[in-house]
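Below: the structure, in structure tokens.
The values are calculated or read from the model by the stated rules, or taken from the named source; none is laboratory data. Fair warning: this is a prediction, and the values are worked out from it, not measured in the lab. Cβ placement follows ideal geometry from the backbone for every residue including glycine, while neighbour counts extend to all protein chains displayed.
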Amino acid sequence: MTSHVRDAPHADHPDTATTAGAKAHARAQHGRTADVMRHVPASSSPTAPDGVPAEGLVWSETVAAGGYTTAVLARGTRIRFTDLDGDACAHVLIHRADGPHERLNVADTVKVPWQAYLGVGHPLLSGFGRVLATVVADTSGHHDALAGTTTRAGNAARYGAGAPESPSPAGRELLLLAALKNGLGPRDLPPSPSFFKGVRVASDGTLQWQGSAGAGAHVDLLLHVDAIVSLANTAHPLDPRPEFTCSALRMHAWPAGDDLDLLAAGDLVGPLRPEHRQAVANTDADLIARGVL
Amino acid sequence: MNAPTAATDTALIPGVVVLDEQVGARAAWSAVVAAGDVLTIVDLAGNQAVDCLLYSAADTAVRYSASETIARQGGIVLTTGSVLRADTGAALSTVVGDEVGVHDTLGGACSKESNTLRYGQHTRAQHGCMENFLLEGSRYGLGAKDLASNINWFMNVPVDPDGALGIVDGLSAPGKRVALRAEVDVLVLVSNCPQVNNPCNAFDPTPVRMIVTRPGEAA
């Protein structure tokens with residue numbers, strides 16, 4: 001076992017023996033960049049998607065493999081998740097910002113639209129007859145709304161560890177951290193869908209692993225309500241590879257209120273199906289009643 | 001409906017009968033089933049969806065997870081041998097007997113609110129499973145955030161190759177049973193589904209029977 005006893009200052013930090021030295025050392029780090037980081041302000045992002053000016057971004061972050069993030073975003077925000085290197089897996093939860101007991105409900109999300117597979121035009125529904133977000137772009141087609149995310153115990157058994165600080169963080173631990181950062185807790189974590197790793201159901205009901213669509217794919221969500229969006233980027237529970245495998249994921253967001261009008265008019269992703277139209281109507285009626293619309 | 005038979009004869013797993021109750025059509029029900037005890041659910045009239053949520057009685061933050069159950073068994077169908085898991089991965093119950101072969105993990109609960117999406121605004125006034133779950137759960141201090149995707153015993157939800165899924169005619173029949181053994185002390189919340197707009201209850205909600213037996217003790 002390696003000794004953790006230190007007997008001398010680290011060679012890179014020669015001057016941190018005093019408060020002044022420690023402060024100078026800390027401040028000297030400002031302005032550095034990393035491959036995985038959030039760009040603040042988002043308008044300073046060097047990673048703006050094609051066709052989206054950086055000045056218009058309200059969120060720009062590259063989430064590490066095994067990392068998480070959470071953002072409170074306004075109605076009309078368009079969110080883009082990009083699988084940079086082909087092995088991202090975005091486990092996503094959405095809670096309504098002004099009443100987080102209303103949250104993404106995967107059962108209603110597959111049952112109400114009569115469709116188990118997520119894709120363009122799919123409404124992400126709450127359990128209260130409203131739509132939290134709509135999938136408005138998808139170049140992957142490899143997603144899953146059935147198998148959920150990974151657990152600490154499951155990853156410990158599978159990879160030897162599942163803690164957030166481990167090399168193989170469990171999705172539920174990461175989503176729990178995201179929830180806790182918003183004043184929520186374990187009871188606020190329902191089953192979550194995931195993007196960029198496909199699962200299909202065979203005729204006998206067994207699950208079939210479809211894997212990734214490859215590097216560079218993206219999915220866009222359009223928010224219908226102010227929402228807490230939480231994302232864990234970690235290996236899918238059905239990923240058959242023996243080694244924990246995950247790669248960085250990029251998240252951008254920008255205001256796109258006009259897209260809500262285009263969506264409702266059938267001009268963004270084509271005509272909405274009847275259940276989706278009713279969900280938009282219920283959501284808009286709720287916001288009108290609150291004086292928000 | 002046939003005259004009631006003795007609970008000892010109707011339980012799928014023999015043992016001392018510790019509970020025998022009928023749940024009225026459209027009603028809620030709950031019980032704590034002790035570790036090792038077996039709950040037999042009897043579909044008295046046939047094709048009656050029984051919406052069901054499970055919690056660790058010792059800590060209701062540990063609750064049934066459809067996704068964890070599906071992922072760990074590698075399939076969406078519940079039948080004999082299926083382990084019903086919490087979102088921590090812990091086993092809450094195991095299906096130890098099943099006379100139907102297919103029970104649903106995907107469809108969740110009906111509600112006044114989702115009825116408006118599926119069938120129109122005129123159905124909002126109808127009773128729904130979410131009402132039953134909320135009210136029955138509130139007796140144990142549970143609320144809206146404690147409800148997650150539930151099991152639907154006796155409900156048939158196939159997924160087509162193109163992903164189309166839906167609640168279709170059931171495969172159950174009068175008197176068919178399913179039995180689950182509690183692996184820890186389990187709080188069982190049930191909504192005897194009141195839905196009348198789809199075939200999950202053959203368009204006619206009916207009562208079901210709940211029998212808890214304690215195997216291994218002389219009857």
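So in segment A:139-157, with the set limited to residues that are within 20 Å of residue A:82 (Cα to Cα) and buried (at least 21 other Cβ atoms within 10 Å of the Cβ), which one is farthest from the other protein chains (Cβ to nearest Cβ)?
Residues of segment A:139-157 that are within 20 Å of residue A:82 (Cα to Cα), as a first pass: A:139-145, A:148-149.
This time we only want the ones that are buried (at least 21 other Cβ atoms within 10 Å of the Cβ), so: A:140, A:142-145, A:148-149.
Values: A:140: 15, A:142: 13, A:143: 10, A:144: 9, A:145: 9, A:148: 2, A:149: 7 Å.
Selected residue: A:140.
Look through segment B:77-110, keep the residues that are among the acidic types (Asp, Glu) and within 14 Å of the chain's Cα centre (by Cα), and return whichever of them is farthest from the other protein chains (Cβ to nearest Cβ). Only one residue fits best here, namely B:98. Name the residue, out of B:187, B:142, that is outside any loop (DSSP other than H, G, I, E, B), of a type in the set (A, V, I, L, M), surrounded by 17 or more Cβ atoms within 10 Å (Cβ to Cβ) and at pLDDT 95 or above. Answer to the selection: B:187.
The one condition from (1) touching a Ser or Thr at 6+ places or on another chain (Cβ under 8 Å); (2) within 13 Å of chain B (Cβ to nearest Cβ); (3) small (Gly, Ala, Ser); (4) on the phi > 0 side of the Ramachandran plot that residue A:160 does not meet is (2).
When you look at residue A:215, is it touching a residue at least 40 places away in the same chain (Cβ under 8 Å), of a type in the set (Gly, Ala, Ser), facing chain B (nearest Cβ under 9 Å) and in a loop (DSSP other than H, G, I, E, B), yes or no? When the stated conditions are applied, residue A:215 does not pass them.
Look through B:127, B:122 and report the one residue that is in contact with a helix residue (DSSP H, G or I) (Cβ under 9 Å, 6 or more places away or on another chain), more than 7 Å from chain A (Cβ to nearest Cβ) and either outside any loop (DSSP other than H, G, I, E, B) or of a type in the set (Phe, Trp, Tyr) (or both).
Details: B:127 fails: either outside any loop (DSSP other than H, G, I, E, B) or of a type in the set (Phe, Trp, Tyr) (or both).
Going through B:127, B:122 in turn, just one is in contact with a helix residue (DSSP H, G or I) (Cβ under 9 Å, 6 or more places away or on another chain), more than 7 Å from chain A (Cβ to nearest Cβ) and either outside any loop (DSSP other than H, G, I, E, B) or of a type in the set (Phe, Trp, Tyr) (or both): B:122.
Per-residue answers, yes or no, for (1) among the aliphatic types (A, V, I, L, M); (2) under 16 Å from the mean Cα position of the chain (by Cα); (3) closer than 19 Å to residue B:62 by Cβ:
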{"site": "A:140", "(1), (2), (3)": "no, yes, no"}
{"site": "A:144", "(1), (2), (3)": "no, yes, no"}
{"site": "A:148", "(1), (2), (3)": "no, yes, yes"}
{"site": "A:151", "(1), (2), (3)": "no, no, yes"}
{"site": "A:161", "(1), (2), (3)": "yes, no, no"}
{"site": "A:165", "(1), (2), (3)": "no, no, no"}
{"site": "A:169", "(1), (2), (3)": "no, yes, no"}
{"site": "A:173", "(1), (2), (3)": "no, yes, yes"}
{"site": "A:177", "(1), (2), (3)": "yes, yes, yes"}
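Per the listing A:124, A:118, the residue uniquely at pLDDT 95 or above, buried (at least 24 other Cβ atoms within 10 Å of the Cβ), in contact with a helix residue (DSSP H, G or I) (Cβ under 9 Å, 6 or more places away or on another chain) and part of a loop (DSSP other than H, G, I, E, B) is A:118.
Of the residues making up segment B:167-184, one or more are more than 10 Å from chain A (Cβ to nearest Cβ), of a type in the set (S, T, N, Q), part of a loop (DSSP other than H, G, I, E, B) and surrounded by 18 or more Cβ atoms within 10 Å (Cβ to Cβ). Scanning segment A:189-212 for residues that are crowded, with 23+ Cβ neighbours inside 10 Å, at the interface with chain B (Cβ under 7 Å from one of its Cβ atoms) and either free of Cβ contacts under 8 Å to residues at least 24 places away in the same chain or not in a loop (DSSP other than H, G, I, E, B) (or both) yields a total of 1.
Screening residue B:196 on (1) within 25 Å of residue B:96 (Cβ to Cβ); (2) away from chain A (no Cβ under 14 Å); (3) among the β-branched types (Val, Ile, Thr) shows it passes everything except condition (1). Going by the conditions given, is residue B:107 surrounded by fewer than 20 Cβ atoms within 10 Å (Cβ to Cβ), assigned to a loop (DSSP other than H, G, I, E, B) and out of contact with any Gly (no Cβ under 6 Å at 6 or more places or on another chain)? No, not satisfied.
With the requirement that a residue be in a loop (DSSP other than H, G, I, E, B), closer than 26 Å to residue A:40 by Cβ and either over 14 Å from the mean Cα position of the chain (by Cα) or not aliphatic (A, V, I, L, M) (or both), what does segment A:225-255 give you?
Within segment A:225-255, the subset in a loop (DSSP other than H, G, I, E, B) is A:225-226, A:234-248.
Adding the requirement that they be closer than 26 Å to residue A:40 by Cβ leaves A:225-226, A:234, A:246-248.
If the condition is that a residue be in a loop (DSSP other than H, G, I, E, B), closer than 26 Å to residue A:40 by Cβ and either over 14 Å from the mean Cα position of the chain (by Cα) or not aliphatic (A, V, I, L, M) (or both), then A:225, A:226, A:234, A:246, A:247 are the ones that fit.
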